[in-house]
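A.B. asks: Please read through the structure below; I'll follow up with questions.
The values are calculated or read from the model by the stated rules, or taken from the named source; none is laboratory data. Keep in mind it's a predicted model, so treat the numbers as computed, not measured. When we count neighbours, we look across all protein chains shown, and the Cβ atoms used for this are built from the backbone with ideal geometry, even at glycine.
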Amino acid sequence: MLAKQEKKRKRHKSIRAKIKGQAKRPRLCVFRSNNHIYAQLIDDDNGKTLIAVKDTELEKKLKNNIEIAKAVGVLLSKKAQDKNIKEVIFDRGGYKYHGRVKALAEGAREGGLKF
């Protein structure tokens, strides 16, 4: 199991070396656990989180994890539209672009975010 965690850390480190969020174009950071998924928009210049969303904030109780992740992406994009944020930089956090991470990105794109 340690090798799997080390691979994720290595992927995350190489991703973070290349991307940086700004006030105009913040970084959309994804974190997923076994049970939940979280997303936040971060301004790295000021070191502040602009918007944070988690799956427990959803009104509907969806059964499928993929649908929940997509709904989190849509909710994040709605909150971003309220703050006049239209473009973001996607940070998958070392996770593979597959499953829930991909669904969250697709939901954010459906809501109107561009990346």
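A.B. asks: Just to be sure before I move on: is N35 surrounded by fewer than 20 Cβ atoms within 10 Å (Cβ to Cβ), out of contact with any Pro (no Cβ under 9 Å at 6 or more places or on another chain) and farther than 26 Å from K10 by Cβ in the structure I sent? Spell out the reasoning first.
C.D. replies: Working: surrounded by fewer than 20 Cβ atoms within 10 Å (Cβ to Cβ): yes; out of contact with any Pro (no Cβ under 9 Å at 6 or more places or on another chain): yes; farther than 26 Å from K10 by Cβ: no.
The answer is no for N35.
The rows are residues; the columns are (1) crowded, with 17+ Cβ neighbours inside 10 Å; (2) modelled with pLDDT of 95 or more; (3) under 12 Å from I37 (Cα atoms).
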{"position": "E57", "(1), (2), (3)": "no, no, yes"}
{"position": "K61", "(1), (2), (3)": "no, no, no"}
{"position": "N64", "(1), (2), (3)": "no, no, no"}
{"position": "S77", "(1), (2), (3)": "yes, yes, no"}
{"position": "N84", "(1), (2), (3)": "no, no, no"}
{"position": "F90", "(1), (2), (3)": "yes, no, no"}
{"position": "R100", "(1), (2), (3)": "yes, yes, yes"}
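A.B. asks: Further question on the same structure: Please indicate, with yes or no, whether at least one residue in region 105-113 is within 11 Å of the chain's Cα centre (by Cα) and under 16 Å from R27 (Cβ atoms). Steps first, answer last, please.
C.D. replies: Taking region 105-113 and keeping what is within 11 Å of the chain's Cα centre (by Cα), we get 105-108.
If we keep only those that are under 16 Å from R27 (Cβ atoms) too, we end up with 105, 108.
Checked against the condition, which is being within 11 Å of the chain's Cα centre (by Cα) and under 16 Å from R27 (Cβ atoms), region 105-113 yields at least one hit.
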